[in-house]
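Note sheet for the following structure.
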There are 2 protein chains.
Amino acid sequence: MKINIKEMDEFLVELLSEVGKSLLVDSKKDKSVGTKSSRIDLVTNFDKSTEKWLVGKIKEKYTDATIFSEEGYGDVVKDMSGLVFFVDPIDGTMNFVKRRDDFASMIGVYLDGKPFLGAIIDVIKQEIYHGGPDYGIFRNKEKVISPKNQSLPEGLVDISWPMVVADRFNSQAVVQKSSGLRIYGSAGIIFEHLIFGREVLYMSYLAPWDLAAGRVLCESLGLKVSTIDDSPVNMLKSQVVIVGTEKVVSEVLKTVKK
Amino acid sequence: MKINIKEMDEFLVELLSEVGKSLLVDSKKDKSVGTKSSRIDLVTNFDKSTEKWLVGKIKEKYTDATIFSEEGYGDVVKDMSGLVFFVDPIDGTMNFVKRRDDFASMIGVYLDGKPFLGAIIDVIKQEIYHGGPDYGIFRNKEKVISPKNQSLPEGLVDISWPMVVADRFNSQAVVQKSSGLRIYGSAGIIFEHLIFGREVLYMSYLAPWDLAAGRVLCESLGLKVSTIDDSPVNMLKSQVVIVGTEKVVSEVLKTVKK
């Protein structure tokens, strides 16, 4: 498949720019909030309308693509052949509802199973982080350079709270060795911190749409994305993922209890 | 003592506005970083220079005041009589160094032991939250209204990570009852979330300069500030503090193991 990468990157930026403008307004409104798998797994009318709009736009332009998305407007994706788009209309819905800050919208694109392009918008900052391994990574129009390969004691770590509270995977030992724990509650926002070296580790149970865009950006900048047992990441299922600098991921893989 | 409250509020806003402009620039610079009580208790050249400048300005205008400050440029404060200023030049120094976001500068003023005025600047947002019980609370010039008296299941909680990891005070049970845990790592930033109802609880071991300004703002807006055993807050010592909505603080006091 022959794809114009620049054209696709511009298309993703244009989509998230539109979404970002709407969600900035929507974040201040009252929302119709429902729950999914548990009382703290939220979905709003805006998650649904945003995804529906994004899926429609992608289908219109990339007619051969399949779409893996959070709220059910995409396709049933059975394998990673060809062009696959992952869509997370609102990442950090709890933050969107409660904090009205620190939430994102994300699109990841994979070509024959390989990371191709990713785009994340920090809605409140109105900044878009985008690009891919063969294109470079940008914050809006400014090129992003690879963060330093910091060690665990040098940096802040972000681990999902159910994992820390239950001390799953020896995660409390990881925290103790670091500069401290932060919990931001949105994968997209944490990927933003990672690509600028402002946190050095993210460890969480992630669905494909949570991971897809961030994986593209992080790997393009030399960060490591690993499963908990160092097996290949499977983009079609939910799994515990470790993302961080090379030094930190290697240290964490030694620390975790499987 | 007769004090012009409006004049003092404007003075605090002017001071933090100056500090905020400097720290915004300083946050992007390389810093000279030292440690205090442990390897993760940081202090920079900017903490010191900012405090020195603030203490000088306060002494110049309020010659009778005593000043309780973090880095040692203030006075030895033995009691709360008269006018006492609490100065935290950079709150969230770890964030200032690592994240270059989510840090604050804070001044709290007490008159004969009672909360009088407080001011907090969110440096990256360049927003100042200020005022007192007899004056009202403002975000820059806009009046802040009291947040809703949300219950624990309705809101996000922020608890310092050493407390959660060690499950001190039954804090993990508190997290499980809430909408989720966030850890922002700066008292000032968390007070900001509390006064707008974007988090419902902050629980941490706080020094007087960490608590002083936030206590004034929170209590003025009907939020509760309590010690862990519901004894009066002592502004001259470090202690575990619970800050939140009335419903949440009451629920947490029932849950904690002393």
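Quick notes on this one:
- Residues in region B:186-218 that are within 11 Å of another protein chain (Cβ to nearest Cβ) and either crowded, with 24+ Cβ neighbours inside 10 Å or not in a loop (DSSP other than H, G, I, E, B) (or both): 6 in all.
- Filter result for B:Lys61 (open to solvent by 40 Å² or more (accessible area, probe 1.4 Å), charged (D, E, K, R), in contact with a helix residue (DSSP H, G or I) (Cβ under 8 Å, 6 or more places away or on another chain) and not assigned by TED's automatic domain parsing to the domain that holds B:Cys218): yes
- For region B:98-111, the tally of residues that are under 28 Å from B:Met235 (Cβ atoms) and open to solvent by 10 Å² or more (accessible area, probe 1.4 Å) stands at 2.
- Subset of region A:23-73 (residues that are outside any helix (DSSP H, G or I) and among the basic types (Lys, Arg)): A:Lys28, A:Lys29, A:Lys31, A:Lys36, A:Arg39
- Subset of region A:66-81 (residues that are surrounded by 14 or more Cβ atoms within 10 Å (Cβ to Cβ) and under 12 Å from A:Tyr110 (Cα atoms)): A:Thr66, A:Ile67, A:Phe68, A:Met80
- Any hit, region A:144-151, residues being out of contact with any Ser or Thr (no Cβ under 8 Å at 6 or more places or on another chain), among the aliphatic types (A, V, I, L, M) and away from chain B (no Cβ under 14 Å): yes
- Within region A:169-185, the set of residues being touching a residue at least 40 places away in the same chain (Cβ under 8 Å) and open to solvent by 10 Å² or more (accessible area, probe 1.4 Å) comprises A:Phe169, A:Asn170, A:Ala173, A:Lys177, A:Gly185.
- Restricting B:Lys247, B:Lys237 to residues that are outside any strand (DSSP E or B), modelled with pLDDT of 95 or more, exposed (fewer than 13 other Cβ atoms within 10 Å of the Cβ) and not hydroxyl-bearing (Ser, Thr, Tyr) narrows the list to B:Lys237.
- Candidate set: region B:223-234, residues that are open to solvent by 50 Å² or more (accessible area, probe 1.4 Å) and of a type outside the set (S, T, N, Q); chosen: the one nearest to the chain's Cα centre (by Cα): B:Lys224
- A single entry from A:Ser151, A:Ser105, A:Ser146 fulfils the requirement of being under 13 Å from A:Gly214 (Cβ atoms) and either in the same structural domain as A:Phe68 (by TED's automatic domain parsing) or at pLDDT 95 or above (or both): A:Ser105.
Okay, residues lined up against (1) in contact (Cβ under 8 Å) with a residue 60 or more places away in the chain; (2) within 12 Å of chain A (Cβ to nearest Cβ); (3) assigned to a strand (DSSP E or B); (4) farther than 19 Å from B:Val55 by Cβ:
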site	(1), (2), (3), (4)
B:Phe85	no, no, yes, no
B:Asp88	yes, no, yes, no
B:Asn95	yes, yes, no, yes
B:Val109	yes, no, yes, no
B:Ile121	yes, no, yes, no
B:Ile124	yes, yes, no, yes
B:Tyr129	yes, no, yes, yes
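- Exactly one residue out of B:Ser204, B:Ser179, B:Ser160, B:Ser171 is outside the structural domain of B:Met106 (by TED's automatic domain parsing) and in contact with a Lys or Arg (Cβ under 7 Å, 6 or more places away or on another chain), and it is B:Ser179.
- In region A:154-185, of all residues being closer than 14 Å to B:Pro162 by Cβ and of a type in the set (Lys, Arg), the one that is nearest to the other protein chains (Cβ to nearest Cβ) corresponds to A:Arg182.
- Pairs with Cβ under 6 Å, 6+ apart, first in region B:211-228 and over 16 Å from B:Ser151 (Cα atoms), second of a type in the set (A, V, I, L, M) and modelled with pLDDT under 95: B:Ile228/B:Val256
- Apart from one condition, B:Ser49 fits all of (1) of a type in the set (Ser, Thr, Tyr); (2) surrounded by 14 or more Cβ atoms within 10 Å (Cβ to Cβ); (3) within 14 Å of another protein chain (Cβ to nearest Cβ); the exception is (3).
- Of the residues in region B:138-155, not one is open to solvent by less than 10 Å² (accessible area, probe 1.4 Å) and part of a strand (DSSP E or B).
The values are calculated or read from the model by the stated rules, or taken from the named source; none is laboratory data. Keep in mind it's a predicted model, so treat the numbers as computed, not measured. Methodologically, a virtual Cβ is constructed for each residue, glycine included, from the backbone with ideal geometry; neighbour enumeration extends over all protein chains shown. Remember, those area values only see protein heavy atoms, side chains included, never the ligands or the DNA or RNA. Shrake-Rupley method; radii C 1.70, N 1.55, O 1.52, S 1.80 Å.
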